[in-house]
Amino acid sequence: MSRMYENIKGFRDFYPEGMGARRSVIDTLERVARRYGFREVGTPALERTQLYIDKSGEEIVEELYSFTDQGGRELALTPELTPTVARMVVAKQQALTKPIKWFSTRPFWRYEEPQQGRFREFYQTNIDCFGSSDPAADAEILAFTADALTELGLTGEEFEFRVSHRDILGGLLETFDADVDVARAIRAVDKREKIERTAYYDLLVESGLTDAQARTFDELLSADDLSELTSFSDNERLTDAVTNLRAVLAATEDFGAREYCTISLDTARGLDYYTGTVFECFDSTGDVSRSVFGGGRYDELIEEYGGQPTPAVGVALGHSTLSLLLERAGVWPEESLTTDYYVLQVGETRGVAAEIVQSLRGLGHTVETDVSGRSFGAQMGYADSINAQTVIIVGEQDLESDQVTIKDMQSGEQTTAPLDSFPPEQGRPTYDDYA
RNA sequence: UCCGGGCUGGGGUAAUGGUUAUCCUUCAGGCUUGUGGAGCCUGAGACGCGGAUUCGAUUUCCGCGCCCGGACCCA
């Protein structure tokens with residue numbers, strides 16, 4: 001049979017084995033988020049297109065799945081969470097106690113060309129904190145992220161957070177010349193590691209720096225000692241940024257996350273969205289070339305959306321790059337089905353079998369039984385294919401002596417258990433309990 | 001939007017301008033209403049879509065779609 005309908009480019013199906021692995025990753029991320037007191041929010045798949053135009057400009061529309069609905073509204077599938085949660089904060093600002101700490105895991109959509117680790121429909125877990133400008137709030141986001149990754153099985157050997165501050169670049173550029181196109185220069189910095197050195201200087205010069213300034217600028221960015229910056233200039237924006245970054249790093253020390261953080265001044269994170277701390281997570285081994293995910297502080301967005309001035313900091317963990325990182329580190333969850341029990345029927349034993357099945361399910365176990373009228377051999381083959389740990393054979397022969405047979409599928413050994421005490425009131429009965 | 005490489009049963013593959021498209025695996029059933037991961041038997045299942053050239057196209061050419069990777073972009 002030929003395929004009637006092809007996939008939509010960049011959209012993926014997840015079958016049970018792979019979905020099980022994804023579910024386990026999501027559960028881990030969310031479990032850690034809950035420990036930090038982040039609360040889950042639910043958000044719509046559609047927003048008014050204007051929400052994104054206001055934040056990112058008219059050009060953004062071509063990156064969106066946007067359309068006019070039957071009521072004439074211009075809508076778009078959400079390409080990211082931040083505008084939505086910002087809108088939510090503005091809508092109920094007075095009612096919400098601060099800090100507002102939220103998380104959510106859900107799909108987003110962008111009309112882009114798929115590449116490694118990038119799809120048109122992709123999943124993110126977003127963590128945001130609104131209402132605190134204290135460095136501890138930034139540090140808590142970093143600490144959460146570090147805890148989540150280590151809980152997934154990664155170690156500090158496998159990832160690093162490159163941390164910077166937006167005003168370090170901005171302040172530094174201010175000291176050179178008022179005419180520098182800061183956004184353009186920052187975009188150049190973001191490419192620094194990807195392009196030729198001369199091309200990088202060219203980009204800096206295009207943004208308004210002289211050759212000599214470009215060289216000085218580059219040298220200062222390479223410094224891992226923040227005091228080199230403050231001794232170069234006493235520009236207030238710059239020195240404030242250095243002070244703030246130091247405070248954030250000191251707080252990560254307190255939360256036990258400092259060891260994962262590296263000062264990396266060429267971490268810029270795209271356009272002028274962020275206002276303070278910015279950070280990206282990278283694969284230390286270099287196998288995943290793009291950043292795994294990123295976050296930072298955006299203190300002005302709530303006000304821009306019509307709310308009271310409200311500082312904010314957050315991170316978005318993209319599941320597609322995260323799964324690349326986990327796979328290459330060898331800690332991606334196993335993609336196989338598991339089943340606690342298969343209850344095998346032989347002859348007309350469905351009544352008794354169903355009772356056992358429902359009792360085991362009542363104990364919280366995953367239990368399957370025959371729903372196809374299959375033969376003994378076929379049922380055994382099916383039990384094997386779903387990775388059943390234990391098979392309970394409910395056969396006419398067993399019932400004649402008021403017993404069931406319990407078979408351990410790993411070893412192949414089997415024994416019998418009395419029908420009137422199986423299954424017990426609690427626990428997870430196996431072959432070993434009756435051998 | 002642009003560039004490169006792909007596309008043959010569910011997965012992996014072979015061959016071919018002309019008869020019934022190869023093999024492995026998988027799936028379903030059976031040998032086997034009382035034993036799965038071994039074997040045997042039977043069955044199911046494919047040339048991505050459209051157009052052109054041709055007596056004839058899965059094969060050649062063009063367009064499109066999808067997949068993989070890259071550029072741009074990365075909120």
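For segment A:181-292, the extents of the C-alpha atoms along the principal axes are 42, 39, 24 Å, listed from largest to smallest.
Within segment A:339-434, what whole-number % of the accessible surface is contributed by carbon and sulfur, with the 1.4 Å probe and all protein chains included in the calculation? Intermediate values should be presented prior to the final figure.
Working: 2110 of 5220 Å².
Ligands and nucleic acids excluded, carbon and sulfur give 40 percent.
For q values of 0.08, 0.09, 0.10 Å⁻¹, compute log₁₀ I(q)/I(0) with the Debye formula on a Cα-only model of chain A, without solvent. These q points yield log10 I(q)/I(0) values of -0.61, -0.72, -0.82.
Enumerate lysine pairs in chain A that are 8 or more residues apart or on different chains, then count those whose Cα atoms are under 24 Å apart.
Numbers: A:LYS55/A:LYS92; A:LYS55/A:LYS98; A:LYS55/A:LYS101; A:LYS55/A:LYS191; A:LYS92/A:LYS101.
Lysine pairs satisfying the spacing and distance rule in chain A number 5.
Taking every DSSP bridge with both residues inside chain A, close to 75 percent are antiparallel.
Rolling a 1.4 angstrom probe over the protein heavy atoms with all chains in place gives chain A an accessible area of 50 Å² per residue.
Within segment A:30-69, the ratio Rg/Rh, alpha carbon atoms throughout and Rh by Kirkwood, equals 1.20.
Per the helix-only calculation at 222 nm, which mean residue ellipticity applies to chain A, given -39500 (n - 2.57) for every DSSP H run of n ≥ 4 and division by its residues, nearest 500 deg cm²/dmol?
Estimated from H runs of four or more residues: -11500 deg cm²/dmol.
Is segment A:339-434 best put as rounded, prolate or oblate by its Cα gyration tensor, with a ≥ b ≥ c the root eigenvalues, rounded for a/c under 1.5, and otherwise prolate when a/b is larger than b/c, oblate when not? Rounded is the answer for segment A:339-434, as its axis ratio a/c remains below 1.5. Ordering of A:112-119, A:45-52, A:81-88 by packing is A:81-88, A:45-52, A:112-119, highest average first (other Cβ atoms within 10 Å, averaged per residue). With the highest mean first, a sort of the peptides A:330-336, A:6-12, A:136-142 on other beta-carbon atoms found within 10 angstrom per residue produces A:136-142, A:330-336, A:6-12.
The values are calculated or read from the model by the stated rules, or taken from the named source; none is laboratory data. Bear in mind the structure is a predicted one, so any value in this text is a computation, not a measurement. So basically every Cβ, Gly included, is an ideal-geometry build from the backbone, and we count neighbours across all protein chains shown. Protein only, heavy atoms only, side chains kept; ligands, DNA and RNA dropped before computing areas. Shrake-Rupley method; radii C 1.70, N 1.55, O 1.52, S 1.80 Å.
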